[in-house]
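One structure below.
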């Protein structure tokens, strides 16, 4: 193979020096352009853990069309609000919601100070090693469990407790930290949306303070972009220091109809992108995709019993039935975890 | 006066063409530098409506020290949360809260559909042209007024109604639009904070939906950065369209202790800067300035009976008594409207 011929140098000495200066200026220009426009460089695939098929195309096309200035579907940045469910959408939710594992672990830890618990449900069953039975008491049992483990302390104390627990607790099946049980393709989707001017929010049935303990580090979502089920808080001075104390009174159950209510209350603007995985997300998707402009509804279908879990309409945790039936008619994109994802968890890579 | 001598042109024709190219490149470089580094240009005074005295210095020094990388008081951008009361802090609140004027105007507008109101308080007094008397009924009267004018409609309908009212209503004294009754120095402060990486929030006793109708256009504060008193909302399908309907049940009274509660609930992070003007802001300032790191509490004292109003401890609207007494001990900066502000309202300029 022959090299390109070098151009013959011609001209005077002055001209040569001039060219030298010119070349210095040119590198300056190149440097400035690179500094000023890092995004101008052709980006690598922003969704490498998504298989190259119609699902990925639909996501990429939506983001492209709403960010194309002058296009008919263009959305100004302030309207680019994207909301994500957490349990089963950003991280796993099997065998039971991770926040429940935290509550159960806390009951065990607090038991020595509460001798009365060994005769009181739901605590007795938990202490006997049967949390499943404890939860058979339904909502009242759950509320007792939450009141015992999620109230009375300050918000800061609660978050510290959750952070510590997340450092040490391990998932029963994978033996990984719970914050490692997040979906790699969804982390990429969050980043891709943010890189395109979207504000990404969590809108979860889980507790808002529980989520805020890890959302920034794990998902890059700051506390002020987390909406979740909320207990009332009281403002107090403890030893002269102002604190907020978590109370055993519900302010918002951020599930089903509660999701659009939470969005309306906390964000005050209709999202244009919503992602969920269960019937608890139906109303959020419905509200999001009923807007006048372009919108995107994403429903994650857990179909992968090998790498994760396969469940839908018969599952107590994360039941997906009505929303899956409505998806075609509503134009929601159903993500088939087995068919659409190359990788599920980051630790597989 | 003599002009600068033109440099003698020397060199060949080739050299001339080279210089031509060089000058083109130079303008490209200048353009790129200007595009890339608009902030590198020495900024003009960001607070021109503040007099050059100790109050302005204190604000400027706080912003400088928390943004100085490597300095002992440096705060990373995500911690730069600034919260502002609205009534009496960002816009005026005399003779009565502007939102009350809206409610009174709505009662008059709706009266033909409510013949029963002419015998029912607080409506009867309003319709007789005595809103002051109507409000003597205290909180129950106020709640009736709010229920009649702020509930039953969808959130979008309510916001449209407020927007329309703000277009047409005029302040009784200045004859200006209410959105013109904003404080020019505070608009500059909001901008200065944002230019330095702060997220600016409204945290107001006023209604969250009322505020969201104008906060973005008037203050550059988007709906998701507005915290206010909140009525519950219900999710419904009206003619198949999902809507949020405002209900006559209070979710949060965002005043006094309710302000840190609202901050904790909506933002989930302690502010480092808080501005208020009344005892209703005491707890917000207390909570903000009790943080471990650097913080700033600003208390606006209405001392200017000429350009605005002068009031403090004896005022029913915007009473400032306890907070003013605590300011020196707590290290809060008291802004004296008459002494510290060159301009009060934008229309004075």
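What follows draws every value from the coordinates through simple rules; no lab data is involved. Note that this is a predicted model, so its numbers are computed, not measured. So basically every Cβ, Gly included, is an ideal-geometry build from the backbone, and we count neighbours across all protein chains shown.
Let me know the mean shielding of A:259-265 by other chains, meaning the per-residue number of their Cβ atoms within 10 Å of its Cβ.
Partner Cβ neighbours, averaged per residue: 6.
Computed over the alpha-carbon pairs of the protein assembly as shown, the distance histogram in 10 Å steps reads 3, 12, 20, 22, 19, 12, 7, 3, 1, 0, 0 percent, short to long. Calculation over all alpha carbon pairs of region A:259-349 in 10 angstrom steps from 0 returns a P(r) of 17, 43, 30, 10, 0 percent.
With R₀ fixed at 56 Å, the C-beta to C-beta distance from residue B:325 to residue A:325 puts the FRET efficiency at about 0.35.
Inter-copy label distances at residue A:163, shortest first and taken from points set 7 Å along Cα to Cβ: 4.1 nm.
What is the ratio of the Cα radius of gyration of region A:232-278 to 2.2 N^0.38 Å, where N is its residue count, to two decimals?
In units of the globular-protein estimate, region A:232-278 measures up at 1.63.
Annotation for residue B:247, label-to-label distances across the other copies: 1.8 nm (shortest first, one decimal, point 7 Å from Cα along Cα→Cβ). The modelled label-to-label distance for the pair residue A:174/residue B:313, using points 7 Å beyond Cα in the direction of Cβ, is 6.2 nm. Of interest is the spacing of the C-alpha centroids, which for region B:190-256 and region B:72-122 amounts to 11 Å. The alpha-carbon atoms of region B:104-184, seen along their principal axes, cover 41, 30, 24 angstrom, with the largest extent given first.
Report, to the nearest 10°, how far helix A:155-168 tilts away from the longest principal axis of the Cα atoms in chain A, using its own Cα long axis and a range of 0 to 90°. It works out to around 80 degrees.
Shielding of peptide B:75-84 by partners, expressed as the average count of other chain Cβ atoms within 10 Å per residue Cβ, is 1.
Working from the pairwise distances between different alpha carbons, so that the mean of 1/r is found and then inverted, what is region A:67-149's Kirkwood radius in Å?
Numbers: mean 1/r = 0.0646 Å⁻¹.
Hydrodynamic radius (Kirkwood, Cα only) of region A:67-149 equals 15.5 Å.
The calculated FRET efficiency for residue B:167 paired with residue A:195, based on their beta-carbon distance and R0 = 30 Å, is about 0.20. Using a 7 Å projection from Cα along Cα-to-Cβ, the label point at residue A:194 is separated from the same position in the remaining copies by 2.2 nm, smallest value first.
Any chance you could run the full-extension gain for residue B:338 through residue B:58? It's 0.36 nm times the residue separation minus the Cα-Cα distance, nm to one decimal.
Result: 99.1 nm gained on full extension.
Globularity index of region A:54-348 is 1.03 (Cα radius of gyration / 2.2 N^0.38 Å, N = number of residues).
For A:236-248, what's the mean count of beta carbons from other chains sitting within 10 Å of each residue's beta carbon?
For peptide A:236-248, the averaged partner shielding equals 3.
For the peptides B:200-211, A:161-172, A:314-325, B:293-304, the ranking by packing is B:200-211, B:293-304, A:314-325, A:161-172, with the highest mean count of neighbouring Cβ atoms within 10 Å listed first.
Separation of region A:266-280 and region B:276-348, taken as the distance between their Cα centroids, equals 39 angstrom.
Rounded to the nearest 500, the helix-only mean residue ellipticity at 222 nm of chain B stands at -11000 deg cm²/dmol, with each DSSP H run of n ≥ 4 adding -39,500 (n - 2.57). Comparing region B:102-241 with the 2.2 N^0.38 Å rule of thumb, its C-alpha radius of gyration ratio is 1.20 (two decimals).
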